[in-house]
Amino acid sequence: MGIHFEREVSRIKKRILALGALVEENMHKAFVALERRDVELAKEVIATDVTIDQTEVEIEEDCLKILALHQPVAGDLRFIVAVSKINNDLERIGDLSANVCARTIELSREERITIPTTMLVMAERIEAMLASTLDSLIDVDAEMARRVLVDDREVDELFARLVTELKEDIRSHLDLLDPLIVVFTVARYLERMADRMTNICEDIIYMAEGEIVRHQDPSAVDELLEEEMRRENGE
């Protein structure tokens, strides 16, 4: 493709990884703000989301320019297509972090509500998922990406448990209906963050192997991981 193309691809790699780091930092701050009900930190996250949005637009424009000017094929084409989709999902995670902070500001006015422990555990798992997602993006590691797909199931289980807990709280405390609905809304934001990470990992697998796994049976992911582990152990 030429030196100019390689430079453009290298530039996009650096920019998408920088975006990922910014999204990761903002998400961590959002979860800290939620746990501590820190209004000032929540406002900082919301303000930083503007930078995330702007960066996403710039990366998308770079991808479109490469497609138009260089018309890449095979692995290069897969990379550009995957990055353009990953770029959008990272931006959406940034938006969801800002949404969490907007609801955190609402909850800061309601002293009778305690952030559920299940929600805090869910947030910890999601942070770990994003770290693994970004590591798999750096190394274009399909195996690590598949492990994130498996980890998402734990987040789904925590979300289901949290919904059950919130339903019980609403039945017991109808006077807290409005703030409990806000807590439920935050839970939905967290669950959607995890879904966006699975999207990214599916695109990383496509980038690495050319395989589309979006509609794959979840059990097939387990079988692939077990097979890879057997190979590593020499079985």
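Some notes on this structure:
- Any hit, region 90-97, residues being farther than 29 Å from R11 by Cβ, among the polar types (S, T, N, Q), buried (at least 18 other Cβ atoms within 10 Å of the Cβ) and in contact (Cβ under 8 Å) with a residue 40 or more places away in the chain: no
- Given (1) over 18 Å from F31 (Cβ atoms); (2) modelled with pLDDT under 95, index of the condition V163 fails: (2)
- The selection criterion, being surrounded by 14 or more Cβ atoms within 10 Å (Cβ to Cβ), touching a Phe, Trp or Tyr at 6+ places or on another chain (Cβ under 7 Å) and among the basic types (K, R), does not hold for R15.
- Region 18-45, residues that are surrounded by fewer than 20 Cβ atoms within 10 Å (Cβ to Cβ) and either among the aromatic types (F, W, Y) or more than 23 Å from T133 (Cα to Cα) (or both): E35, R36, R37, D38, V39, E40, L41, K43, E44
- For L77: the one exception among (1) farther than 23 Å from E24 by Cα; (2) in contact with a Lys or Arg (Cβ under 9 Å, 6 or more places away or on another chain): (2)
- Residue count for region 39-83 under the criterion of being part of a helix (DSSP H, G or I) and either of a type in the set (V, I, T) or touching an Asp or Glu at 6+ places or on another chain (Cβ under 6 Å) (or both): the result is 16.
- Residue match in region 179-188 (condition: touching a Ser or Thr at 6+ places or on another chain (Cβ under 8 Å) and modelled with pLDDT of 95 or more): yes
- Checking S84 against (1) touching a Leu at 6+ places or on another chain (Cβ under 9 Å); (2) among the small types (G, A, S); (3) farther than 29 Å from M119 by Cβ; (4) in contact (Cβ under 8 Å) with a residue 60 or more places away in the chain, the condition it does not meet: (4)
- Residues (exposed (fewer than 13 other Cβ atoms within 10 Å of the Cβ), farther than 25 Å from V182 by Cβ and among the aliphatic types (A, V, I, L, M)) located in region 46-62: V57
- Evaluating T133 against the criteria (1) modelled with pLDDT under 95; (2) within 30 Å of S10 (Cα to Cα) leaves one unmet condition, (1).
- Taken over region 63-84, the criterion of being under 22 Å from the mean Cα position of the chain (by Cα), crowded, with 18+ Cβ neighbours inside 10 Å and over 16 Å from A21 (Cα atoms) is satisfied by C63, F79, I80, A82, S84.
The values are calculated or read from the model by the stated rules, or taken from the named source; none is laboratory data. Being a predicted model, the structure only gives us computed values, none of them experimental. Cβ: placed from backbone, ideal geometry, glycine included. Neighbour counts: every protein chain shown.
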